[in-house]
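Values in this text are rule-based calculations from the coordinates and carry no lab data. All figures in this text were calculated on a predicted structure; none of them were measured in a lab. Ideal geometry is used to build each Cβ from the backbone, glycine not excepted, and the neighbour counts take in all protein chains shown.
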Amino acid sequence: MDQDKGLRDYIHQKLNQEVFALSGEYVLIKEAQLTFKNREALYLIGNADLYNTCCGSGNFSYASIPGFITKWRYKFAKDGSPISQVEPIRDKETQLELKKLLKKLEIITQVDFQF
């Protein structure tokens, strides 16, 4: 990891596998890239089902953005999962622009940025 630039390794997650938690479950259904100002942002689309929360049950689709890709699948984890190097997106204006773009491209209700 290149800490001077804030770069970090992102371990690619398997798609279409349910992950269970105390208040529900989620499943990642898509991994894609979005070109933004001559850079590639890595994003994931998932569906979440909440069935045991303070506010009741429900479901929603979301996007999660690990960051801009700096090295694509350049090594592998012990379990064989590919690892890419990403630069987290911390700039609020860039986040807002990416959220708007993704909401036009995907059927989602929220966009989160990973750090």
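When shorter helices are ignored and each DSSP H run of at least 4 residues is given -39500 (n - 2.57), the per-residue value for the chain at 222 nm works out to -4000 deg cm²/dmol. Relative to the dominant Cα principal axis of the chain, helix 92-105 is inclined by about 60°.
Label positions at Leu22 and Asp91, each projected 7 Å from the Cα along the C-beta direction, are separated by 3.8 nm. Mean-square fluctuations from a GNM of the chain, with a 10 angstrom spring cutoff on Cα atoms, peak among Leu96, Leu22, Leu44 at Leu22.
Would you mind getting me the FRET efficiency between Phe36 and Ser57? Use the beta-carbon distance for r and R0 = 41 Å, nearest 0.05. Mind dumping the intermediate values first?
Working: r = 35 Å, r/R0 = 0.85.
The value I calculate is 0.75.
Computed from the Cβ-Cβ distance with R0 of 22 Å, the FRET efficiency linking Trp72 to Phe115 stands at 0.65. Filter Lys5/Lys71; Lys14/Lys100; Lys14/Lys103 down to the pairs with a C-alpha to C-alpha distance above 18 Å, please. Pairs exceeding the cut-off: Lys14/Lys100; Lys14/Lys103.
Over every Cα atom in the chain, the radius of gyration and the widest Cα-Cα span, Dmax, amount to 15.0, 43 Å.
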